[in-house]
Amino acid sequence: MTRHTIREELRSVLLLIGVIWAVFVVGLVLPQDINAWGLYPRSLRGIVGIVLSPFLHSDLTHLLGNTIPLFVLLVLLAGSRANSWAIVVSIVLLGGCLLWLFGRPMIHVGASGLIYGLIAFLVVSGLIERRPVPLAIAVLVGFLYGGTFFSGILPSLGSQVSWDGHLLGGIAGGLVASVLTSRNPW
C-alpha cells in the first residue's frame, strides 16, 4: 500500500476551492442570478442543485465564511483518508438528496452542507476507528467546529440560513462514515 499524504491531495483541494470562487466571480458578471440553479426541494429543476449548490454562494460574506472551514476540513480529510474524493462526492450526493427530499421550500446554496458533512464524517469515523490519528483529528474537529456544528443545525425561524441543509449534510456525513469506515487502517 502506498502512503497517502496531504501533499498529494493539496492541489485537488485548492482546485475545488478555486472552482467555487470562479463560479462566484462568473455569477457576478452574468446578467441572471446563477443561484436560481441551487437546490429547491421536491422540484425537477431543484434536482440539478443537488450537485451545483455547493458551488453557489449568495454573497461574498457567505463565500468567505465557507472557504476557510472547507479548506481546513478537506485538508484533514485528505491527510487521513486514501479515498477522500469518494467521501466528498458521497456526502454531497447523499446530503443533497436528503435536502431535496426533506428541506424547506427555498433555494439552498453554499458549501456548508458539505462542511457539516465533513465535520460529522471526521468525528464519527475517528470514533469508529479508534486509531490515534483519526481519533486526534476527530478531537481537533470537535474542538474547532463542535459549537458551530450544533448551533448551525438548530432551526431559526424566518432565517434564510439553510439550517436544514446543515443538519442533513451532517446526517449524510455520519452515515457515510458509518458505511465507509472500518477499524482497519485504510
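The numbers here are math on the coordinates, done by the rules we state, and not lab data. As the structure is a prediction and not an experimental result, all values here were calculated from the model. Cβ atoms come from the backbone with ideal geometry, glycine included; neighbour counts cover every protein chain shown.
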Shape category assigned to the range 83-155 from the gyration tensor of Cα positions, a/c cut at 1.5 = oblate
Could you tell me how many degrees, from 0 to 90 and to the nearest 10, lie between the Cα long axis of helix 6-29 and the main elongation axis, the longest principal axis, of the Cα atoms of the chain?
-> 10
With r defined as the distance between the Cβ atoms of residue 33 and residue 83 and R0 fixed at 41 Å, what FRET efficiency is calculated, to the nearest 0.05?
-> 0.70
Phi angles of the range 124-133, converted by Karplus (6.51 cos²θ - 1.76 cosθ + 1.60, θ = phi - 60°) into ³J(HN,Hα) in whole Hz with x for Gly and Pro, give 5, 5, x, 5, 5, 6, 6, 9, x, 5
Under a 10 Å cutoff between Cα atoms, tell me which one of 60, 168, 77 has the largest fluctuation in the Gaussian network model of the chain.
-> 60
Pull up all non-local amide H partners of residue 108: gap of 5 or more, or a different chain, and H-to-H distance under 5 Å with H placed in the peptide plane.
-> 39, 40
